[in-house]
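These notes concern the structure reproduced below.
The values are calculated or read from the model by the stated rules, or taken from the named source; none is laboratory data. Please read all numbers here as calculations on a predicted model, not as lab measurements. Don't worry about glycine lacking a Cβ; one is built from the backbone with ideal geometry, like all the others, and counts go over all protein chains shown. Just the protein is used for accessible areas: all its heavy atoms, side chains included, with ligands, DNA and RNA removed. Shrake-Rupley method; radii C 1.70, N 1.55, O 1.52, S 1.80 Å.
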Amino acid sequence: MSKNNRVYVYKGFERFWHWNQALLIFVLAFTGFEIHSSYDFFGFETAVKIHNYAAWGFIILIVFAIFWHVTTGEWKQYIPTTKNLKAQAEFYLFGIFRNAPHPTKKTLISKLNPLQRLVYLGLKVLFIPIMVVSGLLFMFYRYPQGDSIAIINIDNLEIIALVHTAGAFVLLAFVLVHLYLITTGHTITSNLKAMITGWEDLEEEDQKDQDQPIGKPENEHDENPKI
Amino acid sequence: MKSYTKPITFFLAIVAPLLIVTLVLREPEPDHELLNALRAKYAVKRKPGVDHSKFEILQKNFTNPHEITAACLSCHTERGEELMNSAHFTWEREAFIPGRGVTYLGKKNLVNNFCTGVQSNEGSCMKCHAGYGWNDKSFDFSNPYNIDCVVCHDNTGTYEKASGAAGYPKMGPEGPDFKAIVASVGQPKSAGCGTCHFGGGGGNNVKHGDLELGLLTGGRDVDVHMAVDGLNMNCVDCHTAENHKMKGRYYAVSSSNTQRLNCEDCHTETPHQQNILNEHSIKVACQTCHIPVYAKVNATKMYWDWATATRKKDGKEFEVLDEDGNIVYTSIKGDFVWDKMVKPEYLWFNGTADHHLLTDKVDTSQNILKINTLFGEYRDRDSKIIPVKVHRGRQPYDAENLTIIQAKLWDKDKGKGALWLDLDWERSIEEGMAYIPLPYSGKHSFIKTEMFMPVNHMVSPAAEAVTCKECHTRDNGRLAGLTDFYMPGRDRNRTLDLAGQLLLILSFLGIVVHSAIRALSSRKHNTIQSH
């Protein structure tokens, strides 16, 4: 039996970054799909304005977040691992229904489970950069086409637009699933509380290797509060 | 108390950065430095450095307009040569047209969609020629005394060419006061330009739709440049001339991308405060947004059906007027459709055009014959979207030779085959085609025609410019007809959208199913535990 320990998991900046990113992604998606003529809310012109402001806000936030990740070494949280990847997937598919314990321990040094590592890394190095780059090309497509450097002229906005749209759908799907997976912590609200307050009850770090699976039967019905 | 501090901090952490971002990136105050500089420049009206009334040579009583020209050229010795090389006199321009080579086309020999063309009708049409006596093919284009200087340079507003006089004014006591006119000459006035450029095609605003008498008296709502309550600019303030070659092109008769007059010449390519609007100017002409409607004051002719001409009522020709007094049918010309406050149609245009010549074959597999073709497409870097008036109609063509027909419409006297006097199609076609001369099989029919006329005037105040949503909308936007490019808000890839929606639906379903199983299994666990 492991004991619970109140730990300050998410630092101030981390939470600031996370919630602003959440807000910005929401605003960007909402106005973005209005620009896509999926519905009418602000009106096209206002939607574009808000979308562009939010985009700049997002870019500034990303710059700060990169700085933070590099200087604090937190970027290491996203180093992908195949260890326990299958176990984690099996947990979401089966274990969770049997009230099985999480196969990986959440610790300060390893806040993310293997699936999270992979998904968040994908977001950071693939989807968000795609959105930022295609978004900037959208905003500034005239300048590459200033004709001074013919090779970087953009002849067709369509590809940029389609990439941006596809990215938006993927991000939106991520947000949906992410919102749901918040509820899969020790309690329904423990993950949410942690991201708001920074504090979370973590199992005591009684071993150095953080990635050891904890599949022992005695953990099956431990003190985890029931869902 | 302490439990509230964290939510408050958090609220601030989210709101504060947004506030900062909004403040930093807020729209800049309107800065119209350039506009104000232009206003200052054009507010100063030009004062002539010469008072022509003081010249001795202009003191005589002119009886013949050629004498006026001779007097002008005795001082302005080289201007005659200049004018004889300008389109106002030659009615043609040298231009390279892909597929045709170097061409000499213009009002002189082109077909239009109104009175169809000048050939065989010179006596009447040349009322708008800057010359005297172009009655037929024998007109001498190399005689400088055939130039009409005062038709443009009259500043009294009293000079007028006579109808059906091949460019001559009335002479004698009924004619204009030549002495007063030559004493006043100066830069052309808008009203003078308008005599032909507003009244072409047989009446005010018949042809262009954006050029009409309303410009002379209208306010900023009609045209921001010529507004009487604004800068009250003249035509020649923008249409400047060098050696009598005016800036500005009209592509119903022009073909090449030279000598054009562009808004950007004064306003620059990036005149907006908002960057996003400046981005548009690479593909969208200023006129597209800033001329939301044309024919703002008086109606313009949108349709001219020659096929219904020559009908008679009780054996006589007749006219039908609409409630606004516009002629909607006349036996000599056929049916008309007029319209006011017209939304333009839109085309890609790169400054070059082609024209359907009298010698070209009519492609009867096409439903509609394009009298002129404006070149341009999205992928062409020189192309921009421009507003056009599309004038539609039906014109006679040779059903066997498959060529468009130039009929003889006008003559001084009845019985010489002029359609407008004799109301006989066959005869007028024979006369017209024989004059050019071109063969006519003896069988004519009518074909639908379209002429594309760029709209450049009647610029509205900025507040009335076309709004984003009028184009960036899924259906029936202003640019719905231009389908060769992707426009945000209008276009989408259906497959991508479907796949995206499917992804979202599946994600949502996954969540529902997963949470349902969790809820069920946890109840089971609770039951087990309670035992």
| field | Which numbered condition B:Lys108 misses (of (1) within 30 Å of B:Thr403 (Cα to Cα); (2) touching a residue at least 40 places away in the same chain (Cβ under 8 Å)) | value | (2)
| query | Mind checking whether some residue in region A:128-137 is out of contact with any Leu (no Cβ under 7 Å at 6 or more places or on another chain), more than 14 Å from chain B (Cβ to nearest Cβ), surrounded by fewer than 19 Cβ atoms within 10 Å (Cβ to Cβ) and within 25 Å of B:His514 (Cα to Cα)? | reply | no
| query | So which residues in region A:80-97 are in contact (Cβ under 8 Å) with a residue 40 or more places away in the chain and away from every other protein chain (no Cβ under 14 Å), if there are any at all? | reply | A:Pro80, A:Thr81, A:Lys83, A:Asn84, A:Ala87
| request: State all residues of region B:116-143 that are closer than 22 Å to B:Gly192 by Cβ and within 20 Å of the chain's Cα centre (by Cα); if no residue qualifies, say none. | output: B:Cys128
| request: Filter region B:471-513 down to residues that are in contact (Cβ under 8 Å) with a residue 40 or more places away in the chain and within 20 Å of A:Glu34 (Cβ to Cβ), then give me how many there are. | output: 2
| said: Against the conditions (1) under 22 Å from B:Cys115 (Cβ atoms); (2) touching a residue at least 24 places away in the same chain (Cβ under 8 Å); (3) open to solvent by 20 Å² or more (accessible area, probe 1.4 Å), where does B:Ala434 fall short? Just the number, please. | reply: (2)
| request: Would you tally the residues in region A:1-47 being open to solvent by less than 20 Å² (accessible area, probe 1.4 Å), of a type in the set (A, V, I, L, M) and facing chain B (nearest Cβ under 10 Å)? | output: 2
| said: Looking at region B:272-302 only, could you name the residues that are in a loop (DSSP other than H, G, I, E, B) and over 17 Å from B:Asp382 (Cα atoms)? | reply: B:His272, B:Gln273, B:Gln274, B:Ile291, B:Pro292, B:Val293, B:Ala295, B:Lys296, B:Val297, B:Asn298, B:Ala299
| note | Among B:Val206, B:Val222, the single one that is in contact with a strand residue (DSSP E or B) (Cβ under 7 Å, 6 or more places away or on another chain) and not in a helix (DSSP H, G or I) is B:Val206
| query | Exactly one of (1) within 14 Å of chain A (Cβ to nearest Cβ); (2) modelled with pLDDT of 95 or more is unmet by B:Tyr486. Its number? | reply | (2)
| If A:Ala100 satisfies every condition in (1) closer than 24 Å to A:Val177 by Cβ; (2) within 11 Å of chain B (Cβ to nearest Cβ); (3) not in a loop (DSSP other than H, G, I, E, B) but one, which is the exception? | (3)
| request: Scan B:Asp314, B:Asp335, B:Asp354, B:Asp382 and give me the residue that is under 24 Å from B:Met453 (Cα atoms), open to solvent by 40 Å² or more (accessible area, probe 1.4 Å) and out of contact with any Asp or Glu (no Cβ under 8 Å at 6 or more places or on another chain). | output: B:Asp382
| message | Checking the structure you have, find out if any residue of region A:71-79 is buried (at least 18 other Cβ atoms within 10 Å of the Cβ) and either under 24 Å from the mean Cα position of the chain (by Cα) or among the charged types (D, E, K, R) (or both). | response | yes
| Within region B:224-241, considering residues that are surrounded by fewer than 18 Cβ atoms within 10 Å (Cβ to Cβ) and of a type in the set (Val, Ile, Thr), the one nearest to B:Gly186 (Cα to Cα) | B:Thr240
| said: B:Gly200 - would you say it is in contact with a His (Cβ under 8 Å, 6 or more places away or on another chain) and under 23 Å from B:Phe114 (Cβ atoms)? | reply: yes
| field | Scope region A:177-203; condition at the interface with chain B (Cβ under 10 Å from one of its Cβ atoms), in contact with a Ser or Thr (Cβ under 9 Å, 6 or more places away or on another chain) and open to solvent by less than 40 Å² (accessible area, probe 1.4 Å); matching residues | value | A:Tyr180, A:Thr183
| query | Taking the stated definitions as given, is B:Tyr4 at pLDDT 70 or above, away from chain A (no Cβ under 14 Å) and either in a helix (DSSP H, G or I) or open to solvent by 70 Å² or more (accessible area, probe 1.4 Å) (or both)? | reply | no
| said: Conditions first: (1) open to solvent by less than 30 Å² (accessible area, probe 1.4 Å); (2) within 11 Å of chain B (Cβ to nearest Cβ). A:Ile60 passes all but one, so which condition is the exception? | reply: (1)
| message | Quick check on A:Asn52: is it within 20 Å of the chain's Cα centre (by Cα) and within 8 Å of chain B (Cβ to nearest Cβ)? | response | no
| query | Is it the case that A:Ile159 is more than 8 Å from chain B (Cβ to nearest Cβ) and either more than 18 Å from the chain's Cα centre (by Cα) or surrounded by 16 or more Cβ atoms within 10 Å (Cβ to Cβ) (or both)? | reply | yes
| Residues in region B:500-514: is at least one hydroxyl-bearing (Ser, Thr, Tyr), under 44 Å from the mean Cα position of the chain (by Cα) and surrounded by 16 or more Cβ atoms within 10 Å (Cβ to Cβ)? | no
| query | Filtering region B:443-480 down to residues that are open to solvent by 50 Å² or more (accessible area, probe 1.4 Å) and of a type in the set (S, T, N, Q), which residue is farthest from the other protein chains (Cβ to nearest Cβ)? | reply | B:Asn456
| Restricting region B:265-288 to residues that are within 14 Å of chain A (Cβ to nearest Cβ) and open to solvent by less than 40 Å² (accessible area, probe 1.4 Å), the residue that is farthest from B:Lys247 (Cα to Cα) | B:Glu279
| Which numbered condition A:Ala89 misses (of (1) closer than 19 Å to A:His178 by Cα; (2) of a type in the set (Gly, Ala, Ser); (3) surrounded by fewer than 14 Cβ atoms within 10 Å (Cβ to Cβ)) | (3)
